[in-house]
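*Asks:* What follows is a single structure, and I will ask about it in a moment.
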Amino acid sequence: MTRESLIDDVFELEQDETQALWTHEFDLTRRTFLQVLGAGLLITVTQDMTQAQSGRTMPVIARLHLNTDGTVTVLTGKVEEGQGSRAELSQAAAEELRVSVGQVRLIMADTDLVPDDGITAGSRTTPYNVPPVRQAAATARELLTNLAARQWQVNAETLEVLNGKITHTATGKTLTYGDLAALDTTSEVFKGSIRSDVTLTPLGQWKTMGTSVPRPNSRDLVTGAHHYPSDQIRPGMLYGKVLRPPSYGATLEAIDLGAAQAMKDVFVLHEGQFVGFAAPTTFLATRALEAAAQTAQWKTVPQVSSRDLFSHLKKNKQTGGRSRPRTTGDVDKALSEASQVLNETYEVAYVQHTPMEPRAATAEWTDGKLTVWTGVDSPQRVQGDLAREFGVSNDKVRLIVPDMGGGFGGKHSGEAAEEAARLSKACARPVAVHWTREEEFTWAYFRPAAVIECRAGLDDTGSLTAWDFTSINPGSSGIDPPYGIANMSILSAGTDSPLRQGAYRCLAATANNFARESFIDELSVAAKADPLAFRLAHLNNPRIRTVLEAAARHFDWGNRRKKITRELGVGLACGTEKNSVVAACVEILIDRKTGQIRVVEVCEAFECGPIVNPDNLTSQIQGCICMGLGPALREAMVFEDGRILSNSFYTYQVPRFADIPKLDIHLVENRDIPSAGGGETPIIAIAPAIGNAVFAATGIRLRSMPLQSDKLKA
Amino acid sequence: MDVTMSLTVNGEKKTITTDPSRRLLDVLREDLQLTGTKYGCGQSQCGACTVLINGRAVHSCVTPVGSVNNTEVITVEGLARGDVLHPVQAAFLAEGAIQCGYCTPGMIMRAVALLDSDPNPSDSTIKAWMNANICRCNGYTKILNAVRRAARQNLEVTVP
Ligand code: FES
Ligand code: FES
C-alpha cells in the first residue's frame with residue numbers, strides 16, 4: 001500500500017468508526033463447507049441462495065450452523081489477535097442460543113466461509129459485531145423453537161430452551177439442537193433472514209455474557225499446538241525473502257542475480273522493483289538475498305530525518321478543505337478578553353506497533369485459485385487487494401487469518417500476503433514469507449507523529465473561556481475536549497508525513513489526549529487550582545466525572561498530592577474515546593542523577609458500558625497501560641536520510657517486566673448504555689498523567705513524547 | 001557443508017543432516033515442524049524462541065544447530081505428559097496469562113527453567129529472570145501471577 005493510501009486509511013478509519021460495516025459478499029458453497037466443517041454438518045447453503053440475498057439482511061445460515069453432535073458453528077469475519085474477540089463472540093452466540101460456550105465453534109476470518117464483518121479495528125467488535133451475532137443466534141433459537149412447536153403441535157411459547165435442548169414441560173417431550181440438525185426442515189428454515197428486531201436476552205438475565213469466559217483455544221496456545229500465520233506449513237513449501245531498499249524512496253537501478261541463481265534449490269524472481277527469493281529453508285533464502293543485495297545499486301532521494309520531523313510537519317501543515325477548523329463562539333474575542341492566555345505546543349514521535357509476531361503469510365495457488373494464510377485485520381479488503389493485484393476475481397482468492405500474534409492496529413495491510421502470493425505464483429510452489437523484526441520495524445507503517453498547538457484563555461475566576469486546538473498529522477480521534485468551554489476552535493490538519501503511517505491502538509486519541517490533558521494541567525496551575533478540582537469544575541461529561549472521581553478516590557489523590565517531593569510526583573489525566581471513558585492517577589519516581597522516570601503505580605478507572613468479559617477487559621486495560629508506558633517514556637522512531645535506525649529491540653525499547661508499575665485497576669460498570677469496546681481507550685490517559693506527575697515533582701513541563709529531558713538531571 | 005547431528009528433541013532421538021550454521025529455531029520449525037517455538041527478533045532480545053538445552057533456557061534464534069549435537073532439547077510441545085499439562089502451562093491457563101499467546105511458549109520455557117533451578121523464587125527474582133522475554137499484549141502482571149502460581153504449587157509438592 002502506498003504512503004498516501006495509508007494516510008487516507010487513517011482518516012477513513014476515523015470516519016468509519018461510527019458505522020457498522022458489513023457488506024454481503026459471501027460465497028458459501030456446499031463443497032467448501034463440507035471440506036472445512038466435515039461430517040456432522042447437515043445444514044449447508046447453496047451459492048444461489050446467498051447470492052439471492054442482498055441489501056441489509058443476511059440469512060441465518062450465513063452466520064450459524066447446527067451440527068449433529070449438538071455443537072453450533074458460528075461464522076464471523078472478525079479476527080482474533082489477542083484482544084479477546086473469540087471468547088466474546090462465542091459468548092454472544094452461546095447466550096442467545098442457550099448453550100454453553102463449549103458448544104460453540106467459532107470460525108473466524110476465512111473469506112470462503114464467513115460474512116464480511118468489516119475490519120477488526122476501532123473497538124468495533126463489541127458495539128457492532130456482537131449485536132449481529134446475538135441477533136443471528138436469537139433468530140435461530142426462535143426458528144428452532146417454532147419448528148419443535150410445529151412438530152409437537154403445541155404453542156411455541158410453552159417451550160423452554162436450556163443447554164441446547166428444547167423442552168415441552170407438560171408432555172416431557174424434548175429435542176436437542178443435535179436432533180434438529182438432522183432434519184431437512186432445519187436447513188430450510190435457516191435460509192430465513194436474521195431479524196434485527198428479535199428480542200435479545202436482557203442484561204439482567206445474561207448467563208454467559210458478563211462472565212469471565214477464557215479464550216476458547218487457550219489450551220492450544222500453552223502447548224504450542226495453535227498454528228499462527230507464521231506457523232502454516234504446506235506440502236512442498238518454500239521460504240521466501242524479499243529485497244528491501246536501503247532507505248525510504250530508494251529505487252533499484254541494477255542488480256546482479258547470478259550468484260543467487262547459481263545456488264542449488266534457490267528460486268529467484270525479479271519483476272521491476274520486486275526482487276524475491278524462495279528456497280527450501282529460510283537460511284538458504286536469506287543467503288541468496290544477501291548475495292544479491294551486495295550487488296544492488298540504488299538511487300536514493302533526500303528524505304526528512306527525525307531531528308527535523310516536527311518542524312517539517314509544521315511547515316507542511318495543510319489549510320483549507322478538510323483542514324478547516326470547527327468553531328463555536330468567538331475564540332479570538334474570548335482570548336483578547338481573557339485575564340490569562342496560555343499558548344503551548346506539544347509533540348509526539350512516530351512509534352511502531354511491534355506485535356510479537358511480525359507480518360507473515362503462506363500462499364498457495366491451486367488451479368488458478370490463490371489461498372493465503374496471513375495475519376491481517378481486514379480479511380476481505382486484503383482479499384480484494386490480492387484479487388486486483390493478480391487480475392482475478394475475488395472468489396479466486398481465499399484469505400484465511402488464523403488467530404494471530406498481536407496487531408494493535410498495525411496489521412491492516414497485507415504486504416506479506418502479496419509477497420508470498422507473488423513468489424508462489426512464479427515458482428508454482430507454496431511459499432511462506434515471514435518478515436524479520438527489522439523489516440517489521442522499518443517497512444510496516446507507524447503511528448503518526450504529531451505537533452499539536454494549543455491556546456486557551458482563563459477569566460479572572462480561573463474558568464476556561466477559550467480553547468484553540470490545532471492537531472497536525474495524527475488525525476481527529478479524541479480531539480474534542482470533554483470540558484465545557486464557550487468559545488472553541490478545533491482543527492485536525494493534514495501535512496506531509498515523512499514516514500508511512502497508519503492506525504494504532506486508539507490512534508490519534510493518544511496524541512490529542514496527551515496534548516489536551518497536559519495543557520489542562522498547565523491551565524490548572526495558571527488558575528492556581530488543584531488539577532483534579534480544575535477538571536471537575538469544567539467537565540461536562542458525567543461518565544468521565546465518575547471514573548475520574550473513582551480513580552482519585554482509590555488513589556487517595558488529596559493525600560498523595562501532599563507527599564510530592566522533587567523525586568516523587570503524582571499526576572492524573574482523563575479522557576474519552578470510542579464511547580468509553582478512562583481516568584488514571586500515577587505516581588512516578590525520578591532519578592535526578594540520570595533523569596530517568598520510573599512509573600511506580602498506576603491507578604486507572606475505566607468504563608465501557610455493560611462488561612461482557614471482566615477478566616478479558618482487565619487484561620486489555622493492563623495491556624493498554626503497559627503498552628502506553630513505552631511511547632510515554634522511551635519509544636520513538638529515530639530515522640536519518642530515509643533509514644530507520646530504531647530497527648531492533650536494542651535500539652527501540654518496549655516495556656518489559658522491570659517496567660511494570662503497581663497496577664490498581666477499577667472496572668466501573670455502566671448498565672444504562674450498550675457495551676462499548678475496551679481494548680484501546682485505556683491507553684490514552686497514561687502519557688499525560690506521567691507528564692503531569694513529572695511537573696508536580698520538578699516544575700519542569702515536558703511537552704514532547706517520549707517524556708525525556710536532560711533538565712530532569714539536577 | 002552439511003553435517004549430520006544427532007540430538008534428542010522432546011524425548012525423541014533425531015538425526016539431522018544440514019548446514020551447521022542454521023539457527024536451531026529454523027531447524028525445529030522447518031525441518032521438525034515444531035512450530036511452537038516462535039521467532040520474535042532473531043537477536044536474542046525477546047525470548048520468543050526460548051527452548052531448553054540440557055535443561056538450560058537458551059535462545060534458539062542465536063543457537064547454530066551445529067552447536068547442539070548430542071544434546072537434549074525440549075520445546076513447548078514437549079512439556080505436557082499426554083493430556084496432563086506441565087504445571088507452568090496449567091498456571092498460565094489458570095491465571096489467564098495469555099492474550100495473543102505468541103510470546104507464551106517462550107515465557108513458559110523461561111519460567112520452567114527458572115523453577116527447575118529455583119523452585120521458590122522471590123518476586124524480584126522472577127521479574128529479573130523473566131525480563132529477558134517481551135510480551136506486547138498483556139502488561140506482564142498476569143504472567144508474573146502465573147509464575148508465582150506455578151512456584152506455589154512447587155512449594156506444596158516439596159513441603160508436605
Ligand atoms: S527470537 Fe530469539 S530472542 Fe527473540
Ligand atoms: S500475549 Fe501477545 S505477545 Fe504476549
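*Asks:* Going residue by residue through the range A:370-377, is there one that turns out to be open to solvent by 10 Å² or more (accessible area, probe 1.4 Å) and at positive phi?
*Replies:* no
*Asks:* Pairs needed: first member in the range B:19-37, over 15 Å from B:ALA48 (Cα atoms); second member anywhere, part of a helix (DSSP H, G or I) and open to solvent by 20 Å² or more (accessible area, probe 1.4 Å); C-beta distance under 6 Å; at least 6 residues apart or different chains.
*Replies:* B:PRO20/B:GLY66; B:ARG22/A:PHE283
*Asks:* Moving on to the next point. Is there a residue in the range A:316-334 that is modelled with pLDDT of 95 or more, within 14 Å of chain B (Cβ to nearest Cβ), more than 16 Å from ligand 2 (Cβ to nearest atom) and in contact with an Asp or Glu (Cβ under 8 Å, 6 or more places away or on another chain)?
*Replies:* No, the range A:316-334 has no match at all.
*Asks:* A follow-up question, please. Considering only residues that are facing chain B (nearest Cβ under 8 Å), aromatic (Phe, Trp, Tyr) and either surrounded by 15 or more Cβ atoms within 10 Å (Cβ to Cβ) or under 24 Å from the mean Cα position of the chain (by Cα) (or both), which ones fall in the range A:639-668?
*Replies:* Passing the criteria: A:PHE649, A:PHE657.
*Asks:* Right, something else. Search the range A:360-369 for residues being in contact (Cβ under 8 Å) with a residue 40 or more places away in the chain, touching a Lys or Arg at 6+ places or on another chain (Cβ under 7 Å) and not aromatic (Phe, Trp, Tyr), and hand back the single one that is surrounded by the fewest Cβ atoms within 10 Å (Cβ to Cβ).
*Replies:* Out of the qualifying residues, it is A:GLU364.
*Asks:* Within the range A:247-280, work out how many residues are buried (at least 19 other Cβ atoms within 10 Å of the Cβ) and either without any contact (Cβ under 8 Å) to a residue 24 or more places away in the chain or hydroxyl-bearing (Ser, Thr, Tyr) (or both).
*Replies:* The number of residues fulfilling the criteria is 2.
*Asks:* Any residue that is in a helix (DSSP H, G or I) and either at pLDDT below 95 or of a type in the set (D, E, K, R) (or both) - is there at least one of those in the range A:694-702?
*Replies:* No, the conditions are met nowhere in the range A:694-702.
*Asks:* Same structure again: Mind checking which pairs have a first residue in the range B:132-155 that is within 17 Å of B:SER122 (Cβ to Cβ) and free of Cβ contacts under 8 Å to residues at least 60 places away in the same chain and a second that is within 16 Å of ligand 1 (Cβ to nearest atom) and assigned to a helix (DSSP H, G or I), Cβ under 6 Å, 6 or more apart or different chains?
*Replies:* Between residues of the range B:132-155 that are within 17 Å of B:SER122 (Cβ to Cβ) and free of Cβ contacts under 8 Å to residues at least 60 places away in the same chain and residues that are within 16 Å of ligand 1 (Cβ to nearest atom) and assigned to a helix (DSSP H, G or I), the close pairs are B:TYR140/A:PHE657; B:ILE143/B:MET107; B:VAL147/B:ALA111.
*Asks:* Against the definition (among the polar types (S, T, N, Q), more than 9 Å from every other protein chain (Cβ to nearest Cβ) and touching a helix residue (DSSP H, G or I) at 6+ places or on another chain (Cβ under 8 Å)), how does B:THR71 come out, yes or no?
*Replies:* no
*Asks:* Going by the structure shown, is A:PRO229 in contact (Cβ under 8 Å) with a residue 24 or more places away in the chain, more than 14 Å from chain B (Cβ to nearest Cβ) and in contact with a Phe, Trp or Tyr (Cβ under 7 Å, 6 or more places away or on another chain)?
*Replies:* No; evaluated as a whole, the condition is false for this residue.
To keep it simple, each residue is scored yes or no on (1) in the same structural domain as A:VAL525 (by TED's automatic domain parsing); (2) modelled with pLDDT of 95 or more; (3) away from ligand 2 (no atom under 16 Å from the Cβ).
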{"residue": "A:GLY391", "(1), (2), (3)": "no, yes, yes"}
{"residue": "A:ILE400", "(1), (2), (3)": "no, yes, yes"}
{"residue": "A:ASP403", "(1), (2), (3)": "no, yes, no"}
{"residue": "A:SER424", "(1), (2), (3)": "no, yes, yes"}
{"residue": "A:THR470", "(1), (2), (3)": "yes, yes, yes"}
{"residue": "A:ILE479", "(1), (2), (3)": "yes, yes, yes"}
{"residue": "A:ASN487", "(1), (2), (3)": "yes, yes, yes"}
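*Asks:* Can you name the condition, by its number, that B:PRO64 falls short on among (1) at the interface with chain A (Cβ under 9 Å from one of its Cβ atoms); (2) more than 16 Å from ligand 2 (Cβ to nearest atom)?
*Replies:* (1)
*Asks:* Hand me the list of strands (runs of 3 or more DSSP E) wholly inside the range B:49-160 holding 2 or more residues that are within 16 Å of ligand 1 (Cβ to nearest atom), open to solvent by less than 30 Å² (accessible area, probe 1.4 Å) and touching a His at 6+ places or on another chain (Cβ under 9 Å).
*Replies:* Counting at least 2 such residues, we get B:50-53.
*Asks:* Now for a separate question. Would you confirm, using the coordinates I've provided, whether A:PHE390 is open to solvent by 10 Å² or more (accessible area, probe 1.4 Å) and within 14 Å of another protein chain (Cβ to nearest Cβ)?
*Replies:* no
*Asks:* If A:THR546 satisfies every condition in (1) crowded, with 19+ Cβ neighbours inside 10 Å; (2) over 30 Å from A:PRO355 (Cβ atoms); (3) of a type in the set (Ser, Thr, Tyr) but one, which is the exception?
*Replies:* Status for A:THR546: all satisfied but (1).
*Asks:* Just to be sure I understand, how many residues within the range A:614-638 are more than 13 Å from chain B (Cβ to nearest Cβ) and part of a loop (DSSP other than H, G, I, E, B)?
*Replies:* Total satisfying the criteria: 4.
*Asks:* (1) surrounded by 19 or more Cβ atoms within 10 Å (Cβ to Cβ); (2) more than 16 Å from ligand 1 (Cβ to nearest atom): which one isn't true of B:LEU34, the others all being true?
*Replies:* Failing condition for B:LEU34: (2).
*Asks:* Applying the selection to the range A:669-711, what residues are farther than 25 Å from A:GLU344 by Cα and open to solvent by 30 Å² or more (accessible area, probe 1.4 Å)?
*Replies:* Residues satisfying the conditions are A:GLU669, A:ARG671, A:ASP672, A:ILE673, A:PRO674.
*Asks:* Which one is most open to solvent (accessible area, probe 1.4 Å) among residues in the range B:37-48 that are within 9 Å of chain A (Cβ to nearest Cβ) and more than 15 Å from B:CYS100 (Cβ to Cβ)?
*Replies:* Residue satisfying both the conditions and the ranking: B:GLN43.
The values are calculated or read from the model by the stated rules, or taken from the named source; none is laboratory data. The structure presented is a predicted model; accordingly, all values stated were derived computationally and were not measured. So basically every Cβ, Gly included, is an ideal-geometry build from the backbone, and we count neighbours across all protein chains shown. Protein only, heavy atoms only, side chains kept; ligands, DNA and RNA dropped before computing areas. Shrake-Rupley method; radii C 1.70, N 1.55, O 1.52, S 1.80 Å.
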